[in-house]
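**Q** This is the structure I want to talk about, given as structure tokens.
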Amino acid sequence: MQKLEQVYEGKAKKVFRTDDPELFIVDYKDDATAFNGLKKGTIAGKGVINNQMTNRLMVKMEKAGIPTHFVKELSERETLVKRVSIVPLEVIIRNLSAGSFAKRYGVEEGIVFDAPTIEFSYKNDDLGDPLLNRYHALALKLATSEEIEAIEKYAFAVNDVLKAFWAECDVTLVDFKLEFGKLPDGTIVLADEISPDTCRLWDSKTHEKLDKDRFRRDMGGVEDAYTEIMKRLLAHDAD
Ligand code: TMP
């Protein structure tokens, strides 16, 4: 598959056109940002881990009946994906309180919810990805109500599969962010990545953070945390 010109560069990935108009190549970088790009750095080896972890988790989603953009891993950092138009919503599922939820509602981190929560933010860097509800999303025509329904259903299904898998690895899935895309025929599919950049993952026993919060919060041990979480995934994910 020929890698043609770059069509997009995000904070953590580049996207390239290919000789097939329906397929793009995603290339994962080691660049890390936080707080809407205010904090910048690199996490050595992150691109390789995020690429390989995302792909293995996307395969699990497909097996569970959740459609994704994943086609084929091409190299350590590159993956062939279906061309989608990204629905400009960040979809966040939470199983425990942490991060902006804990801050917004003035509660401690680590409270286990009886049922997972879902929230949306408007994917718009200039506005700082503001929180919105489904009525706002409809008013802004970011998605149709059918699309939002499908997105919610898939997001909770992703949570069920991910939570169960990480539990096998002695990891608590605290929360995560998903993005969805639309295929040319209008089908909604899971897109973007599922990685320590986009999930909070705590060791189930020690509650040690094995995700990007170590970078966001200047905790040190960032590379080691990414290596450890990948090691656990590989130990429990039979090929
Ligand atoms: P939050 O608590 O900061 O709202 O983050 C919730 C989850 O979403 C957490 O697992 C990190 C992830 N996330 C992203 O992937 N990208 C983002 O831009 C933000 C703010 C959070």
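**Q** Calculate the length of the line joining the C-alpha centroid of the stretch 165-235 to that of the stretch 72-103, in whole Å.
**A** 10
**Q** Given contacts defined as C-alpha pairs under 8 Å and at least six residues apart, what's the relative contact order of the chain, whole-number percent?
**A** After rounding, I find 17 percent.
**Q** Search the structure for amide H atoms under 5 Å from the amide H of R200, placed 1.01 Å from N in the peptide plane, and list their residues when 5 or more places away or on another chain.
**A** Hits under the 5 Å cutoff: V174, D175, F176.
**Q** Quick check on the chain: helices-only [θ] at 222 nm, where DSSP H runs of length 4 and up contribute -39,500 (n - 2.57) each and the sum goes over total residues. Nearest 500, please.
**A** Taken over the chain, the calculation gives -9500 deg cm²/dmol.
**Q** Next question. Quick one: pull the percentage of alpha-carbon pairs in the stretch 155-239 with a separation above 17 Å.
**A** So the portion of pairs separated by more than 17 Å is 51 percent.
**Q** At 1.4 Å probe radius, can you tell me the per residue accessible area of the chain in Å²?
**A** So the chain comes to 48 Å² accessible per residue, rounded to a whole number.
**Q** List, in order, the whole-Hz ³J(HN,Hα) value for each residue of the stretch 23-34 obtained from phi through the Karplus relation with A = 6.51, B = -1.76, C = 1.60 and θ = phi - 60°; use x for Gly and Pro.
**A** Running phi through 6.51 cos²θ - 1.76 cosθ + 1.60 with θ = phi - 60° gives 10, 10, 10, 9, 10, 7, 9, 8, 5, 10, 10, 8 Hz.
**Q** May I ask you to list the aspartates and glutamates whose Cα is less than 12 Å away from that of K13, ignoring any residue fewer than eight positions away on the same chain?
**A** Excluding near neighbours in sequence, the set is D27, D30, D31, E78, D192, E193, D197.
**Q** Can you give the translational diffusion coefficient of the stretch 157-206 in µm²/s, computed by Stokes-Einstein from the Kirkwood radius over Cα pairs at 25 °C and 0.890 mPa s?
**A** 204
**Q** Is the stretch 74-201 best put as rounded, prolate or oblate by its Cα gyration tensor, with a ≥ b ≥ c the root eigenvalues, rounded for a/c under 1.5, and otherwise prolate when a/b is larger than b/c, oblate when not?
**A** oblate
**Q** How large, in percent, is the carbon and sulfur part of the accessible surface of the chain at a probe radius of 1.4 Å?
**A** 52
**Q** Report, as a whole number in µm² per second, the diffusion coefficient that Stokes-Einstein gives for the stretch 114-162 at 10 °C and 1.306 mPa s using the Kirkwood radius over alpha carbon pairs.
**A** 134
**Q** I need the phi-derived Karplus couplings for the stretch 175-187: 6.51 cos²θ - 1.76 cosθ + 1.60, θ = phi - 60°, integer Hz, Gly and Pro marked x.
**A** My calculation for the stretch 175-187 gives 7, 6, 10, 10, 10, 10, x, 10, 6, x, 7, x, 5 Hz in order.
**Q** Related question: Who wins for biggest fluctuation among Y105, Y226, Y135 in a Gaussian network model of the chain, springs between alpha carbons below 10 Å?
**A** Highest fluctuation among the options: Y105.
**Q** At 37 °C and 0.692 mPa s, what whole-number value in µm²/s does Stokes-Einstein give for the translational diffusion of the chain, with Rh from the Kirkwood sum over Cα pairs?
**A** My calculation gives 179 µm²/s for D.
**Q** Which GluC sites (Glu not before Pro) in the stretch 48-151 pass both tests, a DSSP loop state and at most 15 other beta-carbon atoms within 10 Å?
**A** E76, E108
**Q** Additional query: Taking only Cα atoms and a 10 Å spring cutoff, compute GNM fluctuations for the chain and point out the largest among K141, K40, K177.
**A** Result for the chain, Cα springs under 10 Å: K141 fluctuates most.
The values are calculated or read from the model by the stated rules, or taken from the named source; none is laboratory data. In this text, all values refer to a predicted model and were calculated from it rather than measured experimentally. Cβ coordinates were reconstructed from backbone atoms using ideal geometry, including for glycine residues, and neighbour counts include every protein chain displayed. The accessibility values were calculated without ligands, DNA or RNA, using every heavy atom of the protein model including side chains. Shrake-Rupley method; radii C 1.70, N 1.55, O 1.52, S 1.80 Å.
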